[in-house]
Each structure stands twice: as structure tokens, then as C-alpha cells.
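So the structure is just underneath, and the comments pick up after that.
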Amino acid sequence: MQTQGLLIFAAALVFFAFVMTMMSFKIIRPFEKGLVERLGKYQRTLNSGLNIIIPFLDTVIKIDMREIVLDVPSQMVITKDNVGVEVDAVIFAQVTDPVRTKYEIGNYILAATKLAQTNLRNIIGEMELDQSLTSRDIINTQLRDVLDTATDKWGVRVNRVEIQRIDPPMDITEAMSRQMKAERDKRAAILEAEGLRQAAILKAEGQKIGNILEAEGRAEAIKRVADADKYKEIAIAQGQGQAIVTVFTAIHEGRASEEVITIKYLEALAKIADGQASKIFLPIEASGVLASLGAAVEMIAGGKGDARGREKPRPGGGGAAAPDMPKA
């Protein structure tokens, strides 16, 4: 019996030793920190992995080091222009010092939430409604700075704050909707008028450019026609000049008499008279030419009379023969 009792005691002792050994090992996961308290006093901080403690004397408190999301409940806030808006937000926070998080504050989640609500009322209360609706980034930044400063002594870091919604009362929302619609209608009317004005300006400029181009085309055409007429007149004048030079040279070389020159002058006068003018202006030299012409005519007539006077009488009679009379 004594031997059996010894065996039972030895087995109990081994079992107790095994249990004590198992209780001495503590496993801390990667996202956790372990706070060791020995007889109610903070002893040390355990990192992730396998750690050894003294059973029954040491107690391990695990702190989650991951970032958490805190939902700030919706609340009514009065703006600077006395408009009540309903506001809520979310906070992204993370424990940086597990010792202070455990021993400096009882519930940092509740404390951060209440602090966010209070500061939301303060920040939005200093803004008018329009400013609060368009300044979400400013509200987020100011609220994050305030919360981060206050939670730093708790061993908590506020990484980000986001305003989820800012809802004005229904009547204010409807008034804003009507105002926005009127503003959009105004912008549309302005844009339409501006478009019509630009179209009219462009059309007028296009017509102006078209008229300028058409006028330039006409001017260029008139210029070219005038140049062509000028070249034509120059060519005709040059031809006539060459013809006059040729005639003058031929007359000079042929030693023409005054009668020939007079006849040529008369031919020129005939061309001058062949026109639509009702009056003809003759040069001063025309009187001399006409006198020469009269002398030439008298000379020609005298020559014919002498020829007739010198005509010999017909045979068989002493005088001139009488002209034949026509038969009845």
C-alpha cells in the first residue's frame, strides 16, 4: 500500500509539474502586445512569439495594436448662422503605447468618441452653413489635430478623421436646391447668350473678311485689266510710231513732193474725221495744207485745159467738130 501511495504521489507531482510548465508559456500574436502584472504591479511588456512567465504570480493582459475604426454617433450641431445640421463622422485610431493605453485611461474608445462629438460642435459652430458644406477637408484636419493632441497621452494616435455627412433641415435643403437650379439656369442663359454673341461676332468677321477678299479680287482684276489696256495702248502707240517712222523714212528717202505730203495729210484728216465727235479741231498747219491743196487742184485743172487747147483738129475741117446730137 505504501508503494502504491508513492506512485500516486509521483504521478500527481508529474502532472502538477506539467501543468505549471504549460502555464509558464504565453504566446503573443503578431498584432498584440502583452502586459505582465506580477502581484498587481506592472512588470514588463511581452512582444509577439513565445514568452515565459511565472504561473500564479504573473498575469498577462493582451492589447490589440491594430488600427481600429471609431464611429462618432450622429448629432445636431448649430452653425454660426443659426442653422441646425445633423453631423456624424468616423475616426481611424491606433494604439502606440499599450502601457499608457491600459493605465492612463479606462476606455480610450469611448473617450475618443465623446471628444470627437464635442469638438465637432465647436468647429462647425464657428462656420456658416455654406462654409461648413464646402469645407469638409478643413473640418477633418482641425478635428484630427485636436483629437491627436488629446489622445497622445493615452498612447493612441489618430490617423484620420472623415466627416460622413452634414445634413441641413429639409426646408433649407429645398431652398438650396431651388437656389442651385436658379444659378444653373442663369449660367445656362449666360452661356447661351455668350455663344450667340460669339457666333454673331464670328459671322460678322467672316463677312468682313469675305468682303475684303472680294474687294481685293475686284481691285486686282481691275488692275490687271488696266495693265492689259495699258500694254495694248503702248503696243498700238509703238506700232503707229514705227509706222510713222517708216512712212517718214520712205518719204524722206523717196524725196516726195509737196503734193504727195499734202495727200498723206488729207488721208490723216479723213481718219480724224471718222469718229463720233460732233466737233473737229484742226491744227494750225491745216490752213497751209489747204492752200497747197487749192494750188494743186488749180494746177491739175490747168494742165487738163492746156491739153485740151493743144488738141489737134480733126482731119477734114478747120475748126472743132460739133458734138454728136442724139437721135430722136
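Summary table
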| read-out | value |
| --- | --- |
| Out of Ala200, Ala175, Ala189, sole residue that is outside the structural domain of Asn140 (by TED's automatic domain parsing), of a type in the set (Gly, Ala, Ser), farther than 30 Å from Asp81 by Cβ and in a helix (DSSP H, G or I) | Ala200 |
| Residue match in segment 83-102 (condition: under 30 Å from Arg144 (Cβ atoms), at pLDDT below 90, outside any helix (DSSP H, G or I) and not charged (D, E, K, R)) | yes |
| Pair list, Cβ under 7 Å, 6 or more apart: segment 62-90 residue on the phi > 0 side of the Ramachandran plot, other residue exposed (fewer than 15 other Cβ atoms within 10 Å of the Cβ) and small (Gly, Ala, Ser) | none |
| Check on Arg224, basic (Lys, Arg), out of contact with any helix residue (DSSP H, G or I) (no Cβ under 8 Å at 6 or more places or on another chain) and part of a helix (DSSP H, G or I) | yes |
| Test: residue in segment 79-95 that is over 45 Å from the mean Cα position of the chain (by Cα) and of a type in the set (S, T, N, Q) | yes |
| Some residue of segment 45-52 being in contact with an Asp or Glu (Cβ under 8 Å, 6 or more places away or on another chain), hydroxyl-bearing (Ser, Thr, Tyr) and not in a strand (DSSP E or B) | yes |
| Complete set of residues in segment 141-166 that are touching a residue at least 40 places away in the same chain (Cβ under 8 Å) and of a type outside the set (Val, Ile, Thr) | Leu143, Leu147, Lys153, Trp154, Gly155, Arg157, Asn159, Arg160, Glu162, Gln164, Arg165 |
| Which listed residue, of Lys62, Lys80, is assigned to a strand (DSSP E or B) and surrounded by 13 or more Cβ atoms within 10 Å (Cβ to Cβ) | Lys62 |
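The values are calculated or read from the model by the stated rules, or taken from the named source; none is laboratory data. Computed from a predicted model, the values in this text were never measured in an experiment. Counting neighbours? That spans all protein chains shown, and the Cβs are built from the backbone with ideal geometry, glycine included.
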